[in-house]
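Enquirer: Could you have a look at this structure, given as structure tokens, before my questions?
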Amino acid sequence: MGNASKPRILIVYTGGTIGMIENPATGALENFDFESFRRYMPELQQAGCDFDVLAFDPPIDSSDMEPRHWVSIARTICEHYEQFDGFVVLHGTDTMAYTASALSFMLENLSKPVIVTGSQLPIGKLRTDGKENLLTSLEIAAARDEAGRPRVPEVCIYFDSRLMRGNRTTKVSTDGFDAFSSYNYPSLARAGVDIHYRSDLIRRPAPGLQLTPHYALDTRIVIVTLFPGLRADYMRRLLDVEGLRAVILQTYGAGNAPQLPWLVEMLRELGQRGVLVVNLSQCKHGGVVMDRYETGLQLLQAGVSGGYDSTIECTVTKLMVLFGDGYDARQVRQRMCCSLAGEISVAGEN
Ligand code: ASP
């Protein structure tokens, strides 16, 4: 791999469009292995870092990503944590925001960069966005500040010239190169001729804390999206889950719901059964303020917990990790109101 003094980066190749090629018979995109990937990208040899690659076998479309795959990625990072200065996870875009969010909670006290990236066009296409995304991700993963510390010791998504906190991102475009947005937190860096880092926005772990992985994930979570005409029988069936842990209620505006007595009663009953209900707005910008309108206040009074300005991807994965840790609904509720990895805007935290 060359010069030993260069930063060492581990690329974890999971699959996604970046490493796909068109099947001539069907026209559909299919995965190929990392060796073929190298052929399409000789520029990798000139990257300013040494890198090794560990690849999923077979690589997968990220729509097939499951919590057990997040565990594989997190384990790979933890097992190689000391040997490498940073990590780049190559991943499909469809569920990239879920994986980045999950990793941000699974890798507690992370002090090295984990940059998740991919592309909208395969690496073999002339106009691919994959080359820039990968090369700049490697550069960011290898970057150090004046004190020699990693510049971005966080789980991030790098896409289309912007570095975003992973647990703040959402996929917003099926075909634009600007496929991801971070609505409620500014970009951590912008890549142009130079890469401009916003050090004031980047989280730094408290010194001396050990990386603590969280591998247990509890998936007994249901998402209910409100819409005008929502029926009680439909909702009842949705919530009929053995051992249900949490319900994410996707509400209107600042966290409002129709004033339906059956709905409020159902939510109250869930709380009594020890099921945590989290109120998340269907709006992408801004967060939940349940006491602004009567339609929100009724939820607060029924024991519903506010989801702040969190993304759905972040809320799902945070709940899975916290319930996986063995906390009960009351303990999880307390932690949902705190920023664990910069995922919600609460006073005094970034
Ligand atoms: N279906 C692909 C995936 O998520 C899409 C992409 O990578 O852009 O793996």
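The values are calculated or read from the model by the stated rules, or taken from the named source; none is laboratory data. Note that the structure is predicted; figures quoted are calculated from it, not measured. Positions of Cβ are backbone-derived with ideal geometry, glycine not excepted, and every protein chain shown enters the neighbour counts. For the accessible areas, the whole protein counts, side chains as well, though only heavy atoms, and no ligand, DNA or RNA atoms are used. Shrake-Rupley method; radii C 1.70, N 1.55, O 1.52, S 1.80 Å.
Enquirer: Of the conditions (1) farther than 18 Å from ALA97 by Cβ; (2) open to solvent by 10 Å² or more (accessible area, probe 1.4 Å); (3) modelled with pLDDT of 95 or more, VAL346 clears all except one; give me its number.
Expert: Here VAL346 meets the rest and fails (3).
Enquirer: Restricting to segment 302-335, name every residue that is of a type in the set (D, E, K, R) and open to solvent by less than 30 Å² (accessible area, probe 1.4 Å).
Expert: ASP309, GLU313, LYS318
Enquirer: Report the residue count in segment 61-88 for those that are of a type in the set (Asp, Glu) and surrounded by fewer than 16 Cβ atoms within 10 Å (Cβ to Cβ).
Expert: 4
Enquirer: Being in contact (Cβ under 8 Å) with a residue 60 or more places away in the chain and not in a helix (DSSP H, G or I) is the filter; apply it to segment 23-58 and report the residue that is nearest to the ligand (Cβ to nearest atom).
Expert: If we take residues in segment 23-58 being in contact (Cβ under 8 Å) with a residue 60 or more places away in the chain and not in a helix (DSSP H, G or I), then LEU29 is nearest to the ligand (Cβ to nearest atom).
Enquirer: Taking the residues in segment 187-197 that are within 15 Å of VAL155 (Cα to Cα) and in a loop (DSSP other than H, G, I, E, B) as candidates, determine which candidate is nearest to the ligand (Cβ to nearest atom).
Expert: Among residues in segment 187-197 that are within 15 Å of VAL155 (Cα to Cα) and in a loop (DSSP other than H, G, I, E, B), the one nearest to the ligand (Cβ to nearest atom) is SER187.
Enquirer: A follow-up question, please. Somewhere in segment 128-143, is a residue more than 17 Å from HIS91 (Cα to Cα) and touching a Lys or Arg at 6+ places or on another chain (Cβ under 6 Å)?
Expert: yes
Enquirer: If the Cβ limit is 8 Å and pairs must be 6+ apart or interchain, which residue in segment 59-78 that is without any contact (Cβ under 8 Å) to a residue 24 or more places away in the chain pairs with which residue that is within 16 Å of the ligand (Cβ to nearest atom)?
Expert: SER72/PHE56
Enquirer: Here's another thing I want to ask about it. What pairs come up if the first residue lies in segment 84-104 and is under 22 Å from LEU211 (Cβ atoms), the second is open to solvent by 10 Å² or more (accessible area, probe 1.4 Å) and aromatic (Phe, Trp, Tyr), and their beta carbons are under 7 Å apart, counting only those six or more places apart or on different chains?
Expert: THR99/TRP70; ALA102/TRP70; LEU103/TRP70
Enquirer: Sticking with this structure for a sec: Checking ILE11 against (1) open to solvent by less than 10 Å² (accessible area, probe 1.4 Å); (2) within 15 Å of the ligand (Cβ to nearest atom), which test does it fail?
Expert: Unmet for ILE11, out of (1) open to solvent by less than 10 Å² (accessible area, probe 1.4 Å); (2) within 15 Å of the ligand (Cβ to nearest atom): (2).
Enquirer: If you don't mind, another one. Checking THR251 against (1) among the polar types (S, T, N, Q); (2) open to solvent by less than 30 Å² (accessible area, probe 1.4 Å); (3) within 29 Å of VAL71 (Cα to Cα): exactly one of these is not met. Which one?
Expert: (3)
Enquirer: Taking segment 265-301, which residues are open to solvent by less than 10 Å² (accessible area, probe 1.4 Å), among the hydrophobic types (A, V, I, L, M, F, W, C) and free of Cβ contacts under 8 Å to residues at least 40 places away in the same chain?
Expert: LEU267, LEU270, VAL277, LEU280
Enquirer: Of all the residues that make up segment 34-60, how many are surrounded by fewer than 16 Cβ atoms within 10 Å (Cβ to Cβ) and under 16 Å from LEU134 (Cβ atoms)?
Expert: Looking only at that region, the number is 10.
Enquirer: To continue, here is another question. Tell me, which residue of segment 126-145 that is acidic (Asp, Glu) and part of a loop (DSSP other than H, G, I, E, B) is modelled with the highest pLDDT?
Expert: ASP129
Enquirer: Shifting gears a bit: Could you check segment 84-139 and list, in sequence order, the residues that are over 15 Å from GLU43 (Cβ atoms) and of a type in the set (Gly, Ala, Ser)?
Expert: GLY86, GLY92, ALA97, ALA100, SER101, ALA102, SER104, SER111, GLY118
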